[in-house]
């Protein structure tokens, strides 16, 4: 394990924000994790774990140790006639892992194609898209307890998954280092989810009469590429805010003046409203403020056109949040992790 000093984090975050990490290291093996936990630097400095950097905003330099997880490996652990259990190291690229599964006709995560980030970060955030969440396929999450160095396995239930939430973001935040995940996928009789968003219409436009996990994945990739900016060219972290779930009474009140408001069933008898729609109604879609702005095709995405500062993006996000609160009496919660 090598520790570097004063490292520019711009290549390590999809917002393409320039921020300096006082110390920086990469973990590629379980032995590296053990070495890290026994190091004086780790014990005495503030630290931050980094996967693909696709769900993080650096609002300033980080005066501590940034730890990038690059533990690799994809292994088929067990197969039956109907299912397959696969282990993936926490440092595997998420989309590459999805493509591996699609190419081998392993079904269950094709709707999660083209989501940026790593497999280790996926359960932390309980990533989801087009009617599917990673909690639907997780068997267990493997981790190392920071305080003891012991290997721990969390069952699906123990992960306490919620909407873009898990135990790793809440009660056990910063207590464990995720080293890998185990997922249970189908080998045949795949249960395809094409009812969410524009998947069905996209399949039809593609001339697909009988959907497969491959064509569903292709449709999702097409939709994401047409709706969302590629972080390779335009800095962004995807959806900046979570879709809020609100009481029926508030929804009905808003609907009186906004009959076309879209909605979906939420948990606990709440109604989920697209945050992008709320932001668009407040006039933010396509708005540009010098080097940053709101994406022209998706109001839920804040973008860095080049040279933007994290503190300015955060200030813009707060302006957006305040305007939605003032107009709809709804408080938007960031989906992106903010590093202050």
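Quick notes
- Residue count for the stretch 251-270, restricted to those that are surrounded by 14 or more Cβ atoms within 10 Å (Cβ to Cβ) and under 28 Å from the mean Cα position of the chain (by Cα): 5
- Restricting attention to the stretch 253-273, the residues that are in contact with a helix residue (DSSP H, G or I) (Cβ under 8 Å, 6 or more places away or on another chain) and assigned to a strand (DSSP E or B) add up to 1.
- Residue in the stretch 1-37 that is nearest to residue 310 (Cα to Cα), counting only those that are without any contact (Cβ under 8 Å) to a residue 12 or more places away in the chain and exposed (fewer than 14 other Cβ atoms within 10 Å of the Cβ): 11
- Residues (in a strand (DSSP E or B) and either surrounded by fewer than 21 Cβ atoms within 10 Å (Cβ to Cβ) or free of Cβ contacts under 8 Å to residues at least 24 places away in the same chain (or both)) located in the stretch 284-338: 288, 289, 293, 334, 337, 338
- Selection of the stretch 168-184 for residues being touching a helix residue (DSSP H, G or I) at 6+ places or on another chain (Cβ under 9 Å) and surrounded by 20 or more Cβ atoms within 10 Å (Cβ to Cβ) yields 168, 177, 178, 179, 181, 183.
- Between 141, 102, 84, the distinction of being touching a helix residue (DSSP H, G or I) at 6+ places or on another chain (Cβ under 8 Å) and surrounded by fewer than 22 Cβ atoms within 10 Å (Cβ to Cβ) belongs to 102 only.
Readers should treat all values here as calculations from the given coordinates under stated rules, not as data from a laboratory. Since the model is a prediction, treat every value here as computed from it, not as a measurement. Positions of Cβ are backbone-derived with ideal geometry, glycine not excepted, and every protein chain shown enters the neighbour counts.
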